[in-house]
Amino acid sequence: MIFEVKKAWDSLAHPTIETGLLRLIRNALPYYLPFLKPAPPVTVYFCLNSICNMRCRMCDLGQRNRDGYYYKTLAINDEHPEISLEAFKKTIDDCASFKPFIAIVGAEPLLYRQLPEAVAHCRARGLGVSLTTAGYTLPEQAKELAEAGLSELVVSLDGPPAIHNFIRGRDQAFERAAAGAAEFRSRFRNGKGGLRPGLTATCTLSNYNYAHLAEWLAACDGAGFDRLNINHLWYLTEATAREHNLACPDLPPVSASCLSGGTRPEAVDIEILRAQLREVLAHKKVRLLGPGGADFLRRHYLEPESRSGLGRARCLLPWFVVQVLADGQVGVMTRCVSYTFGNINRDSLPRIWQGTEINRWRAFLKKRGQMPACKKCDAVS
C-alpha cells in the first residue's frame, strides 16, 4: 500500500489530476476495503475524436499504423468516430454533482469543431477542464478557448524546435504550438480579469530527443510555460503482445504499439539520459512523471520485454479515473487493455462507473494483478 500512496502523491503533479490527497485516499480505500462503494472518479478523460493532423513518429495514429494497438483503440474499426456535442454535454451534466476534473486528451482535440462550446459547458457546470494538444492550429483557436474558460492547457513539445518538428512530422510545429500557447495566456488574462490558467509543456522521451532535454528546457522556459513535464515512452513489443495474448486469452487481444517510424527505445543511451535529467530537473518548473533511477531506465528502455517497475504495484486506475472514447465507449485508458464498461450513448456515466462490467474488471485486476501488457505502463511503475 505504501507504493500506491506514493503514486497517488506523485500524481498530483499531473496536469489532468486536479484534486487533493484526501480525495485520492478516499478513492483508494474501496480497493482495500471492498465493502465500501467506489467513490466517483477523480478525472474523466475524453477522446472527443479519433483523428490527428500530426505525423508523430512514436504514435500508431500519426504513422497510420493500422495494426498498432493504439491505432485500433482510437480509430475504432478504422471509422474515426467523434463524440456528439449533445452526448458530451449530457455526460458532463450527469457527472457535475461529484465534481470530477475533465481532461480532453485526444486524438487531436483542436480538430473537434465544437470544442469551445464543450469547454464552456464544463465551466458553466463548475468543472475544471484541461486540453492536451499538439497545438498546430492553436494560434487560430487560442482566443476562443480562452473565452470559453479553459483552465489548463497542456501542449506536447518533445524537444527544441528542430527535434520536435522532426518527431511530429510537421514544419513549424514547435513554433506554432508555442505561439498559440502564448496567445492563449495573453487572451485569457485580457478577457478574464487577470486570471491565470495553467500552462504546461509535456515531453515524451524517445531515442529522438533524450540527449536534447537541456535544449528543450531552454526553448520551453523562454515560451512562458508554468510547468514542464517529462513522460516516459509507452510502447508494446510484438513479443510482449504475444505473451499477453497467451496469458490472457479471455481478454481482447493486444498488438505491438508505438514502435513505428523508427522509434527504438533500446537506442537510448542511459548515461546520457541520466545526465540530461539531472540537469533539467534542477530547474524548479521541471518534473519527471515517473521513476528516474538507473535500474528503472535500463529496464524501461534497454530491455523492451522486461517490466519497467519491480512488479509489486497494483493497478488502481479503475478506482480513480475513466475514459470516454470517440464512439462513446467507456474504459480505463486508451493504452490499457480494451475492456469496455459501457457506452455513454446508451447509459449514464455514473451508472457505468458503478455497473457490472467495471466492477467485474476491478475484481479481475485485484485477483490477476499486472499483466504482460502492463510492463511499460507508468501507472504501475
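Worth pointing out:
- Check on Ser84, more than 22 Å from the chain's Cα centre (by Cα) and small (Gly, Ala, Ser): no
- Qualifying positions in the stretch 90-109 - under 16 Å from Ser151 (Cα atoms), open to solvent by 10 Å² or more (accessible area, probe 1.4 Å) and either among the aliphatic types (A, V, I, L, M) or in a loop (DSSP other than H, G, I, E, B) (or both): Lys99, Val105
- Considering residues of the stretch 356-368 that are open to solvent by 30 Å² or more (accessible area, probe 1.4 Å) and either out of contact with any Phe, Trp or Tyr (no Cβ under 7 Å at 6 or more places or on another chain) or at pLDDT below 95 (or both) only, the residue nearest to Ala28 (Cα to Cα): Lys366
- Remark: Arg196 falls outside the filter, which requires a residue to be of a type in the set (Lys, Arg), modelled with pLDDT under 95, over 30 Å from Gly293 (Cβ atoms) and buried (at least 17 other Cβ atoms within 10 Å of the Cβ).
- Sole residue being closer than 18 Å to Tyr69 by Cβ, at pLDDT 95 or above and either touching a strand residue (DSSP E or B) at 6+ places or on another chain (Cβ under 6 Å) or open to solvent by 30 Å² or more (accessible area, probe 1.4 Å) (or both), chosen from Ser206, Ser257: Ser257
- Breaking point among (1) within 20 Å of the chain's Cα centre (by Cα); (2) assigned to a loop (DSSP other than H, G, I, E, B); (3) within 29 Å of His164 (Cα to Cα), for Leu127: (3)
- In the stretch 209-230, residue farthest from Leu259 (Cα to Cα) [restricted to those that are outside any loop (DSSP other than H, G, I, E, B), touching a Ser or Thr at 6+ places or on another chain (Cβ under 9 Å) and open to solvent by less than 30 Å² (accessible area, probe 1.4 Å)]: Leu228
- Residue list for the stretch 231-240, filter: aliphatic (A, V, I, L, M) and open to solvent by 30 Å² or more (accessible area, probe 1.4 Å): Ala239
- Positions within the stretch 299-343 being surrounded by fewer than 22 Cβ atoms within 10 Å (Cβ to Cβ), modelled with pLDDT of 95 or more and aliphatic (A, V, I, L, M), in sequence order: Leu302
- Arg287 vs. criteria open to solvent by 80 Å² or more (accessible area, probe 1.4 Å) and within 21 Å of the chain's Cα centre (by Cα): yes
- Selected residue [at pLDDT below 95 and open to solvent by 10 Å² or more (accessible area, probe 1.4 Å)] from Gly169, Gly149, Gly128: Gly128
- Glu152 meets each of the listed conditions (1) more than 26 Å from Asn207 (Cα to Cα); (2) in contact with a helix residue (DSSP H, G or I) (Cβ under 8 Å, 6 or more places away or on another chain) apart from (2).
- Residues (open to solvent by 60 Å² or more (accessible area, probe 1.4 Å) and either in a loop (DSSP other than H, G, I, E, B) or on the phi < 0 side of the Ramachandran plot (or both)) located in the stretch 38-89: Ile51, Arg55, Arg57, Gln63, Arg64, Arg66, Asp67, Lys72, Glu79, His80, Glu82, Glu86
- Among the candidates Phe188, Phe174, residue that is at pLDDT below 95, in a helix (DSSP H, G or I) and open to solvent by less than 40 Å² (accessible area, probe 1.4 Å): Phe188
The values are calculated or read from the model by the stated rules, or taken from the named source; none is laboratory data. No experiment lies behind these values; they were computed from the predicted model shown. For neighbour counting, all protein chains shown are included, and Cβ atoms are generated from backbone atoms with ideal geometry for every residue, glycine included. Ligands, DNA and RNA are stripped out before the accessible areas are found, and what is left, the full protein with its side chains, is counted by its heavy atoms. Shrake-Rupley method; radii C 1.70, N 1.55, O 1.52, S 1.80 Å.
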